[in-house]
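K.L.:
To start, I am sharing the structure in question, which I have written as structure tokens.
The values are calculated or read from the model by the stated rules, or taken from the named source; none is laboratory data. Predicted model, so just to flag it, every value in this text is computed and none were measured. A quick note on method: Cβ atoms are made from the backbone with ideal geometry, for glycine too, and the neighbour counts reach across all protein chains shown.
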There are 2 protein chains.
Amino acid sequence: MNLKQLSHMLALSQTTVSRALNGYPEVNEETRRRVVDAAKRHGYRPNPSARRLATGKTGMIGYVLPTGTTVDIDPHFVEFLSGLGDYARSHELDLVLSPADADDQETTYRRIVANRQVDAVYISSPRPADRRVALVNTLGIPFIVHGRSEGFDFHYPFTDIDNEGAFHEAARLLVQLGHRRLALINGDDRETFAIHRERGVRRALAASGLVLGDQHVCSLTMTEENGYRAARRLLEQSDAPTAIACSSLIMALGVVRAVRDLGLTIPGDLSLIAHDDVFPWLKPENFSVPLSTTRSSIRLAGARIAERLAARISGLEEGARGEVWPVDLVVRGSVAGAPA
Amino acid sequence: MNLKQLSHMLALSQTTVSRALNGYPEVNEETRRRVVDAAKRHGYRPNPSARRLATGKTGMIGYVLPTGTTVDIDPHFVEFLSGLGDYARSHELDLVLSPADADDQETTYRRIVANRQVDAVYISSPRPADRRVALVNTLGIPFIVHGRSEGFDFHYPFTDIDNEGAFHEAARLLVQLGHRRLALINGDDRETFAIHRERGVRRALAASGLVLGDQHVCSLTMTEENGYRAARRLLEQSDAPTAIACSSLIMALGVVRAVRDLGLTIPGDLSLIAHDDVFPWLKPENFSVPLSTTRSSIRLAGARIAERLAARISGLEEGARGEVWPVDLVVRGSVAGAPA
DNA sequence: AGAGTCTTCCAAAGCGCTTTGGTGATTTTG
DNA sequence: CAAAATCACCAAAGCGCTTTGGAAGACTCT
């Protein structure tokens with residue numbers, strides 16, 4: 001059932017039927033009802049290929065997926081996707097993932113924009129002066145950055161959490177508890193979020209005249225194994241930290257294992273706070289010692305970004321507003337006063 | 001730069017240029033070279049919207065993503081995606097995720113087929129007599145099932161791992177080590193993979209005249225917390241098992257925690273084997289006691305399914321061949337002889 | 001030399017929608 | 001009451017590609 005058949009059936013022109021269906025004003029309400037009714041009854045759905053050829057609108061949002069045999073997709077992605085999908089579903093938006101060589105994503109961005117394959121894109125895990133952000137900005141396609149880049153001479157729309165504030169609060173708490181030697185097990189410090197977290201820790205320490213020594217900060221991709229390695233390295237030092245802030249729950253698993261292997265205890269010998277993106281399958285309260293966390297649902301972020309993308313596509317949102325969400329500090333059993 | 005301009009520039013018809021570019025035979029090789037060359041030089045790329053309107057081909061594969069505020073996307077998905085993306089990238093295929101209400105995916109399948117939004121789809125986590133498989137089969141769109149359904153009067157193409165064989169081997173090993181009371185901590189037993197795994201364990205036990213008691217099998221979604229709960233329930237019974245086969249590494253985390261909470265040890269009091277889908281961020285050899293596993297890379301499966309989908313789209317693959325991959329049994333420190 | 005066969009190219013007709021630029025009929029306005 | 005404005009609709013022109021149905025010229029064959 002296509003437009004031609006439907007309009008013929010109604011003894012109306014394609015123009016009128018199209019307009020009736022798309023809510024244009026220049027059509028009699030009575031006629032519109034007839035049309036809408038007939039469309040529903042016959043299960044008419046405009047062919048999206050035809051529509052996009054005519055309008056250029058696709059009803060899809062895009063994401064360039066970095067791939068490669070040695071490239072791992074961030075496990076957070078799936079939670080983000082849950083949120084994104086949840087919103088997208090109720091707005092008939094689809095998501096197209098365009099796999100790209102992790103080392104050359106630009107080609108793919110250019111392609112999807114040139115081909116008008118999607119109405120908008122989002123960018124995640126940005127780095128300072130991220131080329132993708134600059135590119136997408138000049139290409140002129142609507143976009144939202146999940147996280148923040150830095151060092152541009154232009155503004156851009158983003159949704160981020162207050163990573164610096166979160167880790168500042170976490171570190172401040174630890175300092176208040178008497179800890180003097182803090183360590184940070186961070187994610188990849190080429191990414192902005194990691195830089196912000198480190199900055200937050202440093203700022204909290206500085207407020208008490210303390211510093212975060214180079215030997216007390218690790219920056220690694222967020223795996224259990226790396227958490228373990230980092231913790232061992234830190235705890236086997238002569239000036240081992242008495243408290244650790246950790247960028248991920250997955251790494252925290254490794255930290256806990258290392259602590260156990262070394263015959264230490266949490267929180268007796270070591271206080272631990274980790275960032276929790278809220279996974280349904282791994283909860284901080286279920287760690288052998290319930291884990292204190294800085295918590296922010298990445299799923300909510302996904303939903304919000306879908307919402308903003310939809311708003312930008314339909315012209316409801318403009319400008320380059322950045323939003324920064326506060327992060328909860330949830331204190332559980334894994335923190336205590338510094339050992340004597 | 002569109003076809004019209006390019007053909008005008010070459011003083012050829014659109015027909016000829018189109019055919020030259022698409023490799024049709026009825027064009028002089030010399031002319032083809034000229035065309036291809038000019039196209040490259042001017043960066044001409046056919047508009048996909050136009051092409052799909054004309055041909056119906058989209059260059060995209062589809063996946064219906066079950067969503068909902070209470071629905072969690074399987075964390076395995078991201079690894080699967082890595083593999084899929086890895087293949088898709090090198091073949092200029094995109095993946096479109098169509099979010100659907102988890103309770104009504106059929107509408108979405110019908111939509112993407114009716115709208116010809118994708119050239120093929122894949123289905124994951126199938127259940128016995130899965131309606132999605134039946135639907136997609138009658139709708140006539142090329143598809144591959146990742147996993148298996150059962151109980152149809154038709155055949156369909158799938159790629160699955162030998163879940164039954166894997167758990168059969170695991171259980172057989174445990175029995176050989178003298179274990180008489182085995183337990184199974186399984187995933188959602190409405191899904192085929194879980195049914196097959198249980199069947200494998202039962203078969204191995206039966207071979208030695210043993211049975212898997214109802215009180216010794218748990219079926220839960222695969223979270224750390226559920227692993228913990230299941231393990232506690234099992235181990236606090238009067239006839240607690242001396243060995244557990246577990247369907248996921250994430251659940252195994254919970255099992256290990258429960259064992260520790262109860263003051264037991266692995267493998268002294270309990271032998272443990274889990275299924276490993278091969279995550280980069282959580283490795284069985286890094287468990288406090290290295291974990292024995294049945295191992296099969298879900299990432300490889302993703303790549304294979306992309307390959308088969310591509311083959312079906314281009315007509316290279318036909319029929320309803322199902323492939324079943326063998327699973328490795330990797331023995332590490334978490335298994336030992338049954339306690340006296 | 002004329003008929004048949006390739007080879008190589010083209011004009012034009014779709015694909016199914018949106019949108020431009022109208023046209024009569026009806027209502028409002030000065 | 002004529003002119004202007006509004007309403008409700010339509011025919012046809014795209015959007016940019018593929019594909020059908022030739023057609024002109026070169027070649028082979030008898």
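K.L.:
Going residue by residue through the range B:158-168, is there one that turns out to be of a type outside the set (S, T, Y), touching an Asp or Glu at 6+ places or on another chain (Cβ under 7 Å) and surrounded by 17 or more Cβ atoms within 10 Å (Cβ to Cβ)?
P.N.:
No: the range B:158-168 contains no residue that is of a type outside the set (S, T, Y), touching an Asp or Glu at 6+ places or on another chain (Cβ under 7 Å) and surrounded by 17 or more Cβ atoms within 10 Å (Cβ to Cβ).
K.L.:
Is at least one residue of the range A:103-114 at the interface with another protein chain (Cβ under 9 Å from one of its Cβ atoms), among the acidic types (D, E) and over 14 Å from the mean Cα position of the chain (by Cα)?
P.N.:
No, the range A:103-114 has no match at all.
K.L.:
Check the range B:202-221 and report whether any residue there is touching a residue at least 40 places away in the same chain (Cβ under 8 Å) and buried (at least 21 other Cβ atoms within 10 Å of the Cβ).
P.N.:
no
K.L.:
Please find, among A:V113, A:V64, the residue that is within 25 Å of B:N115 (Cα to Cα), at pLDDT 95 or above, surrounded by 15 or more Cβ atoms within 10 Å (Cβ to Cβ) and away from DNA strand C (no atom under 13 Å from the Cβ).
P.N.:
Result of the check over A:V113, A:V64: A:V64.
K.L.:
Scan the range A:10-37 for residues that are more than 10 Å from DNA strand C (Cβ to nearest atom) and assigned to a helix (DSSP H, G or I) and jot them down.
P.N.:
A:L10, A:E29, A:E30, A:T31, A:R32, A:R33, A:R34, A:V35, A:V36, A:D37
K.L.:
Does the range A:278-288 contain at least one residue that is on the phi > 0 side of the Ramachandran plot, buried (at least 16 other Cβ atoms within 10 Å of the Cβ), among the aliphatic types (A, V, I, L, M) and modelled with pLDDT of 95 or more?
P.N.:
There is at least one residue in the range A:278-288 that is on the phi > 0 side of the Ramachandran plot, buried (at least 16 other Cβ atoms within 10 Å of the Cβ), among the aliphatic types (A, V, I, L, M) and modelled with pLDDT of 95 or more.
K.L.:
Are there strands (runs of 3 or more DSSP E) fully within the range B:52-127 with at least 2 residues that are closer than 20 Å to B:R148 by Cβ and acidic (D, E)? List them.
P.N.:
Ranges flagged: none.
K.L.:
If I go through the range B:224-248 residue by residue, how many of them are crowded, with 23+ Cβ neighbours inside 10 Å and within 12 Å of chain A (Cβ to nearest Cβ)?
P.N.:
Looking only at that region, the number is 3.
K.L.:
Strands (runs of 3 or more DSSP E) wholly in the range B:232-340 with at least 2 residues that are among the hydroxyl-bearing types (S, T, Y), under 22 Å from A:G254 (Cα atoms) and touching a strand residue (DSSP E or B) at 6+ places or on another chain (Cβ under 6 Å) - which ones?
P.N.:
Result: B:292-295.
K.L.:
Considering (1) more than 12 Å from chain A (Cβ to nearest Cβ); (2) crowded, with 18+ Cβ neighbours inside 10 Å; (3) out of contact with any strand residue (DSSP E or B) (no Cβ under 9 Å at 6 or more places or on another chain), say which one B:D119 fails and leave the rest.
P.N.:
Exception for B:D119: condition (3).
K.L.:
Could you please tell me which pairs satisfy a Cβ distance under 6 Å, a separation of 6+ or placement on different chains, a first residue in the range B:46-72 that is facing chain A (nearest Cβ under 9 Å), and a second residue that is within 12 Å of DNA strand C (Cβ to nearest atom) and aliphatic (A, V, I, L, M)?
P.N.:
Qualifying pairs under 6 Å: B:S49/A:L53; B:A50/A:L53; B:L53/A:A50; B:L53/A:L53.
K.L.:
Here is a list of conditions, (1) in contact with a strand residue (DSSP E or B) (Cβ under 7 Å, 6 or more places away or on another chain); (2) facing chain A (nearest Cβ under 9 Å), and B:R132 meets all of them except one; can you say which number that is?
P.N.:
The failed condition is (2).
K.L.:
Assess whether A:K40 counts as being in a helix (DSSP H, G or I), within 16 Å of DNA strand C (Cβ to nearest atom) and among the charged types (D, E, K, R).
P.N.:
yes
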